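Have a look at the structure below, then the notes.
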Amino acid sequence: MDDEPLKDWAERRDAKIGRLRAVPVVPGDVPRASHLNPDAPRAIERWNGHTWEPHGFAANLTEAKAILYPAADEPSPPGPVPKPLGSGTGRHRKPQAPRSDGGSRAQG
């Protein structure tokens, strides 16, 4: 059996510290998938390296997503404006050979 070195495992585990998850707060033994109960309240939990600990609360799935993925709510930064298409028939055409005799191609 090939065991992973402890150092590699610890680095992988530590990289996940601080990760958040939203758990639906629903009574009974029902499925807890988020798409089944989008209006149910959510407990926001944070991974501390050993266990999930309480971190916050959200009223529904939409609010939970805003907490879990804050960058998605921010407008995207303005990027470079694409250049308009130039003349031609497409990028896959062969480049034309230079013309030396007034417009006709040299046969070879």
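The values are calculated or read from the model by the stated rules, or taken from the named source; none is laboratory data. Computed from a predicted model, the values in this text were never measured in an experiment. Here the Cβ is made from the backbone with ideal geometry for all residues, glycine too, and neighbour counts use every protein chain on show.
Looking at the stretch 1-41 only, could you name the residues that are within 25 Å of P70 (Cα to Cα) and either touching a Leu at 6+ places or on another chain (Cβ under 7 Å) or of a type in the set (G, A, S) (or both)?
Residues satisfying the conditions are A15, G18, L20, A22, A33, S34, P38, A40.
List pairs: first in the stretch 4-23 and at positive phi, second modelled with pLDDT of 90 or more, Cβ under 8 Å, 6+ apart or cross-chain?
G18/R46; G18/W47
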